[in-house]
Amino acid sequence: MTVVTQVDLDTPLLGPIGKKAADALSTKLGLHTVGDLVRHYPRRYVDRGKLTDIAGLELGEHVTVLAEVEKVTMRDMRHRRGKLMQVVITDGRGRRLDCTFFNPYKLKAVMVPGLRALFSGQVSRFRDKLQLTHPEFEPIEESEGVRPFVSIYPATQGFDSWQIARCVRQVLELLDDPTDPLPESLRRAEGLSDLGRALRRIHMPETEADQYAAKNRLVWDEAMGVQLALALRRKRAVQRPAAANPHVPGGLLEAFDARLPYTLTAGQRSVGAEIAADLASETPMNRLVQGDVGAGKTVVALRAMLQVVDSGRQAAMLAPTEVLAAQHARSLRSLLGPLAQAGELGGAEQATRVTLLSGSLPAAAKKKALLEAQSGEAGIVVGTHALIQDRVGFAELGLVVVDEQHRFGVEQRDALRGRGEKAPHLLVMTATPIPRTVAMTVYGDLEVSALRELPGGRSPIATTVVPAGEKPTWLERVWKRIHEEVAAGHQVYIVCPRVGGDTGKDDTEFPDDPDDAGAGTDERRAPLAVLEVAPQLAEGPLAGLRIGVLHGKLPPDEKDAVMRAFDAGELDVLVATTVIEVGVDVPNSTAMVIMDADRFGLSQLHQLRGRVGRGSAPGVCLLVTDMPAGTTARERLDAVASTTDGFELARMDLELRREGDVLGSLQSGRRSGLRLLSLLRHEEIIAKARVRATEIVDGDPGLVRHPGLHALVAETVGDEERAAYLDKA
Ligand code: ADP
Ligand code: MG
């Protein structure tokens, strides 16, 4: 056997630690190298003097608690030969946990009242008492010498926290301090300890201040890794120049502004000016416009497109669904009027053409649309992402507008920029409010502008939670209300989480993130489905009304037909999935009923209700749920009912979601380098790291003079290409 005397972060674990432990770490926890292990940080610390509060334990959780043995009893097993040891452990605050050990002959001498030990196992319940069945345990006197804190590690069945701690200690003893990737100037300016010290301290803190300092330094590593990756991306994105589209006096944009039936809001004007300046430059624009539903993003996008068309180039507008694409084409044409009727009778002199490219077009029409794009006849081409990305050749594409798609990946952005000599400018629009830290990470390669106010004249939406479980009569009042709305000439949406119509398959339609949707507790009934709710309502409480059905499984032309019918007022009620979440604009709709509202995310509910109250009549949104009062689910719905501030709801969503969901997890098999960074708690560090990273990349665009930082990027987000994963959130 070789004796290992010196290791670095890349050394395989087998060597510095024994084979059995190395195997366990690798198979159970995916830790293969010394670096992996020292980056496996404690989840928390137990003060050697303080027992763990047992009241905080959750059923089913794998826990490690520091507790004191209070009572030990031995008895025969009832149905088998052998002995059973029952141990009651206490947290010293009057709360107890039962531990059961089978055939514990070796334990007898050790397990005595007064013993303080770490107990580790899964929390279960037996006859109303919490218990750990056959837990692992480790007397703490032996476990860590006399250090004041016991580090508690994320552990698994079969390899416990203290076993991990032991391995970490062995490795740290052999490890020379690694070269610090962070420049010394940065460390000094931010008061950060060096890497070697931080790594030792996070595992073996002497004081609480040690814990904080170590963590702070390691959070910086992660923040720098992310921000450097993004700075490198930003750098690359502007390497290929775009075409400049300076303002053209007497052009389409001016003609359009002159015929606009309303005045732009201050936000529309200032964001418009930012975009106009971007478009006039040769640096490719990479801008995200965030504006709550109804903030008027369409007209902002259209004005940008017209500026590009004025310079003789084309603009493409991409929507997430065919329904939306068709709707955009219609509304752009109607906003432009004669300005979109090039070559038609009554068309304006400088007119252009808006071409819809839809998968459901008949072959001849599709061919014509493709030709219009290719020849440059179409100044504006509208379609779905897939379609435009794969199929269309443009005469000269100057601008790509991506609507209502905040989850638009870096790779997709790259694909859109194409391979031409010049890169098109890029404008992404989203109604999802984006907290600052998310803007700096998930969208860190985009500039972000916000439309904060809604155009005047919009009606308020009143949101009410309908507890259908406790108060069934409320549901009857819901249906009555719908009849009233329809009688008053208005239209209504009813939203369900699921499509339905087949055998129990999960066909929940959340275009966003199912995790975000609060969906999926196993024991509950299946979420309500459009194809079941619609006929029930038609035959029951909503008999006599004209009811349509819309969901993602309909063929595109049918979807479009349903939307048109609803738009034209030929339907009173639209029973739909979240396909109506984004962009659908029917000003005559005044009420929305969301069934099983607790199955949706907060931001999603906010988006959905933005579909009503778009005209002059006030809107109402009813959140139907059978979750009982006092549950978290109900509190979340109350929050949605109590505020119309999308930013506030997005922040709450962020709090409810696990960090990992937001920052994404790395692709197949690779461990995420982000362990400590929190979008909620580390706003300041993220902001500072962003500035630092930008400075460093400006001075050293390939990070050739900073090999340590280069490695840090790879460690944090894979190689920088894989910064794309940040968009998966
Ligand atoms: P969203 O930001 O949700 O995409 P839209 O662009 O669909 O919002 O605009 C919502 C509605 O507000 C549309 O009917 C649009 O015509 C109208 N609108 C946009 N800007 C203004 C404005 N400055 N004044 C009045 N109405 C406006
Ligand atoms: Mg829109």
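The values are calculated or read from the model by the stated rules, or taken from the named source; none is laboratory data. From a predicted model like this one, the values you see are computed outputs, not experimental measurements. Please note: Cβ atoms are built from the backbone with ideal geometry, for glycine as well, and neighbour counts cover all protein chains shown. Ligands, DNA and RNA are stripped out before the accessible areas are found, and what is left, the full protein with its side chains, is counted by its heavy atoms. Shrake-Rupley method; radii C 1.70, N 1.55, O 1.52, S 1.80 Å.
For the reader, a short list of remarks on this structure follows.
- Where only alpha carbons of the stretch 252-451 are counted, the Rg and the Dmax (Å): 15.9, 51
- Across the chain, C-alpha contacts under 8 Å between residues 6 or more apart give a mean separation that, scaled by the residue count, equals a relative contact order of 13 percent.
- Here the stretch 461-643 has 53 percent of its accessible surface on carbon and sulfur atoms, given a 1.4 Å probe and all protein chains in place.
- Hits among lysines - C-alpha to C-alpha of residue 367 under 29 Å, sequence gap 8 or more where chains match: 422, 553, 559
- Converting phi to 3J(HN,Hα) with the Karplus coefficients 6.51, -1.76 and 1.60 and the offset θ = phi - 60°, the stretch 61-69 yields 6, 8, 10, 10, 10, 9, 9, 10, 6 Hz in sequence order, with x at every glycine or proline.
- The stretch 160-244 shape via C-alpha gyration tensor axes, a/c threshold 1.5: prolate
- Net charge dipole size for the stretch 284-387 [Lys, Arg +1 and Asp, Glu -1 on Cβ; Debye, nearest 20]: 160 debye
- Kirkwood Rh and Cα Rg combined as Rg over Rh, evaluated for the stretch 461-643: 0.93
- Calculated over the stretch 7-58: convex hull of Cα atoms, volume per residue (Å³): 123 Å³
- Assigned charges on the beta-carbon of Lys, Arg, Asp, Glu; the chain dipole about Cα centre (debye): 1460 debye
- Projected over every direction and averaged, the convex hull enclosing the alpha-carbon atoms of the chain yields 38.7 nm².
- Surface accessible to a 1.4 Å probe, residue 324 within the full protein complex, Å²: 0 Å²
- Residue among 103, 79, 126 farthest towards the positive dipole end of the stretch 50-147, charges placed on Cβ: 79
- Within the accessible area of the stretch 252-451 (1.4 Å probe), percent carbon and sulfur: 50 percent
- Signed unit charges on C-beta, dipole axis of the chain, positive-most listed residue 151, 649, 550: 151
- Relative contact order computed over the stretch 252-451 (Cα-Cα under 8 Å; 6+ residues apart), in percent: 31 percent
- Anisotropy class of the stretch 241-365 from Cα gyration tensor, a/c 1.5 cut: rounded
- Surface analysis of the chain yields an accessible area of 44 Å² per residue, using protein heavy atoms and a 1.4 Å probe.
- Distant-in-sequence amide H partners of residue 423 (H built 1.01 Å from N, under 5 Å): 242, 243
- Proximity of backbone amide H atoms, modeled 1.01 Å from N, is registered between residue 381 and 315, 316, 317, 355 at under 5 Å, excluding neighbours fewer than 5 places apart on the same chain.
- Solution diffusion estimate, µm²/s, Stokes-Einstein, the stretch 50-147, Kirkwood Rh from C-alpha pairs, 37 °C, viscosity 0.692 mPa s: 239 µm²/s
- Shape call, the stretch 316-368: gyration tensor on alpha carbons, a/c limit 1.5: oblate
- Think of each Lys and Arg Cβ as +1 and each Asp and Glu Cβ as -1; about the Cα centre, that makes the dipole of the stretch 422-489 roughly 60 debye.
- Phi angles of the stretch 102-109 translate, via the Karplus equation with coefficients 6.51, -1.76, 1.60 and θ = phi - 60°, into HN-Hα couplings of 8, 6, x, 4, 6, 6, 3, 6 Hz per residue; Gly and Pro are given as x.
- Taking all Cα pairs closer than 8 Å and separated by 6 or more residues, the relative contact order of the stretch 50-147 comes to 29 percent.
- Under a 5 Å amide H cut-off, with hydrogens placed 1.01 Å from N, residue 428 pairs with 287, 288, 289, 402 among residues at least 5 apart or on other chains.
- Farthest positive-ward along the stretch 553-620 dipole, Cα basis, beta-carbon charges - from 602, 592, 619: 602
- Expressed as a whole percent, the accessible area of the stretch 50-147 that falls on carbon and sulfur atoms is 48 (1.4 Å probe).
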